C-alpha cells in the first residue's frame, strides 16, 4: 500500500506554545483515517498544515510522492487535497448549482479543451448528479445563503467531491447538525468513493468508530497513539489522556 | 414567478430607456446632446468601476487612470495617425488595459480600504504625469482641435453633435452588452464567487490573483474605450477631466446604482453626472455639498446597495472560517471512548 500523504516531524509553534511538536502522519490511498484528541491537542492545526493554510516551522509534507510543503491551499486543492470546514463554507449569493460548478472548475476535464464554455459545461454536467446524490436537487436553484445549516454541509460535501479529491480533510463535519442530519451525513460519508482517502477530525467518537479504519490520537501537539478503532478504544493511555483533557 | 415579473419589468424599463436615449438628440438641443454624449462616456467608466467594485469586490477610486490613458491615446492617434473610430477605440482600450496591467501588482494583493488608497494614488499620479508630459499631452492646457471621428473607413466624419452622440451610444451599448456576456461566463461566475468568499474560492483550487488581474485589465480596457468616447464628444481633453472629483463621483454613482449591477452602475453614474451638471447652473459652487449629502444618504438609506462592496472591506488575512480560529470547546463524550 502506497503512502498518499506523508507528513513527517511537523512542528508548529505560536510563541512559546507548541501546537504541534514533531508529529508524523501517513495516509494511504482510500484510507479512512481519524484524528482525535482532547481540546488543544493540535488536530485543527495539523489539518491546517496539511491543507496548506498554516506553514509549519519544521517538517515535510509529501502528497503523491511530491513535496507540497511550500504550496498554498489553492495549489494543494488542484493536486487533489480538498477540505470541508467546521462551519460550512459556501458562496452565499450563488445558487447551489453554481457553488458546485465553481468548485468543479479547477479540476474538470472538458470534452473539447479549447472550445469556448467547454469547461463550464463539463462542470455543469457534474453538478446535477452530485446535488442529486446529496439530496439537494430541489434546492439547486436556491442561493446557498438561504439554505439550512445541514443543507449547506451537504452542499459543501458536493463541492468537495466536485473537485475530484484524492484526499478529503474533514474538520468536525457533524458540528451543529441535528441527529437526523448526522445520520444522513454518516450515510453520505460511508458512500464516498473508495478511491478517496479521508482524514476526519471529529469529537463524536461514535462517528469516528463508524467512519474510520485507522485512528491517530494527539495530545499536547504530539502523537499519543495510533491504531485501529478497537485498539484505540481499549488503550489505557488514551483513556487517561481523555480523562485528563476533559478534567 | 415574482422573479419573472421583476425581470420583465426591468427589461421593459431598459427598453424604454434605450428608446429614450436613441430619440433624445431629436428632442433636446445641441448643447444638451453633447452633455449627454459626455455623460455616456462617464457612465461607461462607471460600468468598469462596477465591474471591479461590485463584481470582483475591489472598490476603486482609480478608474480615471485607464480612462485618461485611453482618452490621451485616442487623442494622439486621432490627431496624428487615423480619424477612424474603430482604430481609436481599439487603441484606447489597449492603452487602458496596458495601464491596468502595469498596476496589477500594486492592486490585486491588497484589499478593502487599502485598494481605495492605492487606486486613488494611481489616479492622482496619472493626472500629474498628464500635466507635466507637455510634448505628448499638451500639459495642463490639454489637447484641442482633435479631428471629428469617422466610425469606419469610407464613412463620413461625424460633424454634428447628434451624430457623435449616436456613435457614443452605439459603442456604449455594444460594450455594455459585451460586459454582460462576460459576466455570464465562467470568469464572471468565479469573480462573483470570489466576492462572496475569497478564501473559499482559493480552497477550491482557483488562482484568485489571476482572476482579479483579468478583471482589473478588462475593466481598464472598458475605461480606456470610454476615454475615446470622451474625445469624440468633446474633441478636447485636459487633465482636469480625470481628477479626483471625477473618481469620487463615479464611485458615488456606482454605489447609488447598486455596485453589483451593470445597469445600475450606468444609471447611477449618469444620474450623478447629470445632477452635478444641473446643480452647476442652479446652485453655483454648492454642487459638491449636495452630492456629498446624497452619498451619505445613500449609504444610510440603501445599505444593501453597498453591502456587496463591503464584503471585501475587511482587514487582509482576516479569518474567514471558524476552522482557522481556536478550536471549539471539547465535546468529546468520554463514555463513547469506553464503549
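The values are calculated or read from the model by the stated rules, or taken from the named source; none is laboratory data. This one's a predicted model, so the numbers in the text were calculated from it and none came from an experiment. Using ideal geometry, Cβ is built from the backbone for each residue, glycine included, and neighbour counts are taken over all protein chains shown.
Residue A:176: touching a helix residue (DSSP H, G or I) at 6+ places or on another chain (Cβ under 8 Å), surrounded by fewer than 23 Cβ atoms within 10 Å (Cβ to Cβ), under 24 Å from residue B:201 (Cβ atoms) and assigned by TED's automatic domain parsing to the domain that holds residue A:39, yes or no? Considered against the rule, which asks whether it is touching a helix residue (DSSP H, G or I) at 6+ places or on another chain (Cβ under 8 Å), surrounded by fewer than 23 Cβ atoms within 10 Å (Cβ to Cβ), under 24 Å from residue B:201 (Cβ atoms) and assigned by TED's automatic domain parsing to the domain that holds residue A:39, residue A:176 comes out as yes. Condition first: in a helix (DSSP H, G or I), in contact with a strand residue (DSSP E or B) (Cβ under 6 Å, 6 or more places away or on another chain) and farther than 27 Å from residue B:214 by Cβ. Can you find one or more residues in region B:58-75 that meet it? Yes, because at least one residue in region B:58-75 is in a helix (DSSP H, G or I), in contact with a strand residue (DSSP E or B) (Cβ under 6 Å, 6 or more places away or on another chain) and farther than 27 Å from residue B:214 by Cβ. Restricting A:200, A:168, A:192 to residues that are in contact with a strand residue (DSSP E or B) (Cβ under 9 Å, 6 or more places away or on another chain), under 18 Å from residue A:83 (Cα atoms) and surrounded by fewer than 21 Cβ atoms within 10 Å (Cβ to Cβ) narrows the list to A:192. Can you confirm whether region A:28-37 contains a residue that is within 10 Å of another protein chain (Cβ to nearest Cβ) and touching a helix residue (DSSP H, G or I) at 6+ places or on another chain (Cβ under 9 Å)? Looking through region A:28-37, at least one residue is within 10 Å of another protein chain (Cβ to nearest Cβ) and touching a helix residue (DSSP H, G or I) at 6+ places or on another chain (Cβ under 9 Å). The set of residues from region B:236-248 being surrounded by fewer than 24 Cβ atoms within 10 Å (Cβ to Cβ) and either assigned to a helix (DSSP H, G or I) or modelled with pLDDT under 90 (or both) comprises B:239, B:240, B:241, B:243, B:244, B:245, B:246, B:248. Of the residues making up region B:214-223, none is outside any helix (DSSP H, G or I), within 30 Å of residue B:7 (Cβ to Cβ) and touching a helix residue (DSSP H, G or I) at 6+ places or on another chain (Cβ under 6 Å). Looking at residue A:202, is it under 18 Å from residue A:33 (Cα atoms) and modelled with pLDDT of 85 or more? Spelling it out, residue A:202 is indeed under 18 Å from residue A:33 (Cα atoms) and modelled with pLDDT of 85 or more.
Residues in region B:183-200 that are within 7 Å of chain A (Cβ to nearest Cβ) and part of a helix (DSSP H, G or I): 7 in all. In region B:18-54, the residue that is surrounded by the most Cβ atoms within 10 Å (Cβ to Cβ) out of those that are free of Cβ contacts under 8 Å to residues at least 60 places away in the same chain and farther than 28 Å from residue B:66 by Cα is B:28. Evaluated against (1) surrounded by 21 or more Cβ atoms within 10 Å (Cβ to Cβ); (2) in a helix (DSSP H, G or I), residue A:186 falls short on exactly one condition, (1).
Scanning region A:202-227 for residues that are within 13 Å of residue A:24 (Cβ to Cβ) and out of contact with any helix residue (DSSP H, G or I) (no Cβ under 9 Å at 6 or more places or on another chain) yields a count of 2. Taken as a whole, region B:145-165 holds at least one residue that is out of contact with any strand residue (DSSP E or B) (no Cβ under 7 Å at 6 or more places or on another chain), surrounded by 19 or more Cβ atoms within 10 Å (Cβ to Cβ) and closer than 29 Å to residue B:54 by Cα. The number of residues in region A:51-97 that are within 7 Å of another protein chain (Cβ to nearest Cβ), surrounded by fewer than 22 Cβ atoms within 10 Å (Cβ to Cβ) and farther than 29 Å from residue A:17 by Cα comes to 4.
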